[in-house]
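The block underneath contains the structure these notes are about, expressed in structure tokens.
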Amino acid sequence: MQLTREQLQAVRSGEPITVNDPEIGPECVLVRADVFTGMKGLLYDDSEFSPREAYPLVDRLMAEDDADDPALESYQSYRQPS
């Protein structure tokens, strides 16, 4: 793959560039390794996930959804037949 002067200058300055190469396939983004390493921590987290971490988000989303639900009270008062 050959890069243009503009692409080389962008990569050298730490800017990402988009490349299209038929041998690679889909469009790719090219960045310097040190820039990628800095971004990797923001994009990928390999630590153990606990579902409890999602509870606050789920609670907030449900509260937002419930706030616009005119039938919420009927859902909450429903009782299973015995």
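The values are calculated or read from the model by the stated rules, or taken from the named source; none is laboratory data. The structure presented is a predicted model; accordingly, all values stated were derived computationally and were not measured. Methodologically, a virtual Cβ is constructed for each residue, glycine included, from the backbone with ideal geometry; neighbour enumeration extends over all protein chains shown.
May I ask you to verify whether Tyr75 is among the hydroxyl-bearing types (Ser, Thr, Tyr), more than 30 Å from Gly14 (Cβ to Cβ), at pLDDT 85 or above and part of a helix (DSSP H, G or I)?
So Tyr75 does not fit the description; no.
Please enumerate the residues belonging to the range 43-72 that are of a type in the set (A, V, I, L, M), over 30 Å from Arg12 (Cα atoms) and either touching a Cys at 6+ places or on another chain (Cβ under 7 Å) or loosely packed, with under 10 Cβ neighbours inside 10 Å (or both). Write out each step before concluding.
Going residue by residue through the range 43-72, those that are of a type in the set (A, V, I, L, M) are 43, 54, 57-58, 61-63, 67, 71-72.
Those still in the list that are over 30 Å from Arg12 (Cα atoms) too: 54, 57-58, 61-63, 67, 71-72.
Matches in the range 43-72: Leu57, Ala63, Ala67, Ala71.
Return a yes/no flag: does the range 35-42 have any residue that is aliphatic (A, V, I, L, M), in a helix (DSSP H, G or I) and either surrounded by 10 or more Cβ atoms within 10 Å (Cβ to Cβ) or in contact with a helix residue (DSSP H, G or I) (Cβ under 6 Å, 6 or more places away or on another chain) (or both). Explain how you work it out, then say what you get.
Quick first cut of the range 35-42, residues aliphatic (A, V, I, L, M) only: 35, 39, 42.
Now restrict to residues that are in a helix (DSSP H, G or I): 35, 39, 42.
Filter again for either surrounded by 10 or more Cβ atoms within 10 Å (Cβ to Cβ) or in contact with a helix residue (DSSP H, G or I) (Cβ under 6 Å, 6 or more places away or on another chain) (or both), leaving 35, 39.
Checked against the condition, which is being aliphatic (A, V, I, L, M), in a helix (DSSP H, G or I) and either surrounded by 10 or more Cβ atoms within 10 Å (Cβ to Cβ) or in contact with a helix residue (DSSP H, G or I) (Cβ under 6 Å, 6 or more places away or on another chain) (or both), the range 35-42 yields at least one hit.
Could you grab the pairs with beta carbons closer than 7 Å, sequence gap of 6+ or different chains, first residue in the range 12-34 and within 16 Å of Gln2 (Cβ to Cβ), second one assigned to a loop (DSSP other than H, G, I, E, B)?
Thr18/Glu27; Val19/Met1; Asn20/Glu27; Asp21/Met1; Leu30/Pro16
Please work out if Gly25 is small (Gly, Ala, Ser), under 20 Å from the mean Cα position of the chain (by Cα) and surrounded by fewer than 11 Cβ atoms within 10 Å (Cβ to Cβ).
no
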